[in-house]
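Note sheet for the following structure.
The values are calculated or read from the model by the stated rules, or taken from the named source; none is laboratory data. Since the model is a prediction, treat every value here as computed from it, not as a measurement. FYI the Cβ positions are ideal-geometry reconstructions off the backbone, even for glycines, and counts take in every protein chain you see. What goes into the accessible areas is simple: the full protein's heavy atoms, side chains included, and nothing from ligands, DNA or RNA. Shrake-Rupley method; radii C 1.70, N 1.55, O 1.52, S 1.80 Å.
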Amino acid sequence: MTAAYDTDNIFAKILRGEIPSHRVYEDDAVVAFMDVMPQGPGHTLVVPKAPSRNLLDANPSTFGPLFTVVQKVALAAKKALNADGVTVLQFNEPASGQTVYHLHVHVIPRFDGIPLKPHTGAMEKPEVLAENAGKIRAALGS
């Protein structure tokens, strides 16, 4: 049986503005912000505002707005960081590697020959996150 949605998960707190984030996009349904423990430069998280643990319990109406923004952010991040490609990841439940139980999609710009950094828990410098967020916001606006 799937656990209930926890309204105190870190992404719910970010959505409510209780924890600061480097936001790159927001509309009525979705927020995109920089991952503070990036696996590569420009690693962005795209999160629906609607509460759900993950893809398995989300209302299907969540997916259209969510993946529309995933595509926008992927295109902007690729352009902003002059990346060779983009990895899009989404995890569901502990066995898959999910660690934050609010539906979210990872958008990670990729560069030929450079592997993803391991998810070690090391936080990126705030000024680097702010710089990358600014680049992606600028690319979204163009």
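If you fit an axis through the alpha-carbon atoms of helix 63-80 and take the longest principal axis of the Cα set of the chain, what angle between them do you get, 0 to 90°, nearest 10?
20 degrees
Residue-wise, which Karplus ³J(HN,Hα) couplings in Hz belong to region 52-58, taking 6.51 cos²θ - 1.76 cosθ + 1.60, θ = phi - 60°, and x for glycine or proline?
My calculation for region 52-58 gives 6, 5, 5, 4, 6, 10, 6 Hz in order.
May I have the convex hull volume per residue, in Å³, for the Cα set of region 43-116?
Convex hull volume per residue, Cα atoms: 83 Å³.
Give me the accessible area per residue for region 25-142, probe 1.4 Å, as a whole number in Å².
For region 25-142, the per-residue accessible area is 50 Å².
What pairs from K49/K125; K13/K117; K78/K125; K13/K78; K72/K135; K79/K117 go past 24 Å between their alpha carbons?
Pairs exceeding the cut-off: K49/K125; K13/K117; K13/K78.
When only C-alpha pairs under 8 Å and at least 6 residues apart count, what is the relative contact order of the chain, in percent?
Relative contact order comes out at 31 percent.
What would the Debye equation give as log₁₀ I(q)/I(0) for region 1-83 at q = 0.10, 0.12 Å⁻¹, counting only Cα atoms as equal point scatterers?
-0.26, -0.37
Determine the distance separating the Cα centre of region 1-44 from the Cα centre of region 54-119; give it in Å without decimals.
12 Å
Can you run phi through the Karplus equation (6.51, -1.76, 1.60; θ = phi - 60°) for region 33-47 and list ³J(HN,Hα) in whole Hz, with x for Gly and Pro?
After applying 6.51 cos²θ - 1.76 cosθ + 1.60, I find 8, 6, 6, 6, 10, x, 8, x, x, x, 4, 10, 10, 10, 10 Hz.
Could you state the angle between the C-alpha long axis of helix 126-141 and the longest principal axis of the C-alpha atoms of the chain, as a value from 0 to 90 degrees rounded to the nearest 10?
90 degrees
Go ahead and estimate [θ] at 222 nm for the chain from helices alone: -39,500 (n - 2.57) per DSSP H run with n ≥ 4, summed, over the residue count, rounded to 500.
Estimated from H runs of four or more residues: -9000 deg cm²/dmol.
What is the Å³ per residue value for the convex hull set by the Cα atoms of the chain?
Per-residue hull volume (Cα only) is 109 Å³.
Within the accessible area of the chain, what % is carbon and sulfur when the probe is 1.4 Å and the other protein chains stay in place?
58 percent
Could you tell me which of Y101, M123, V73 has its Cα farthest along the dipole of region 57-142 towards the positive end, charges placed at Cβ (Lys, Arg +1; Asp, Glu -1), taken about the Cα centre?
Of the candidates, V73 comes out farthest on the positive side.
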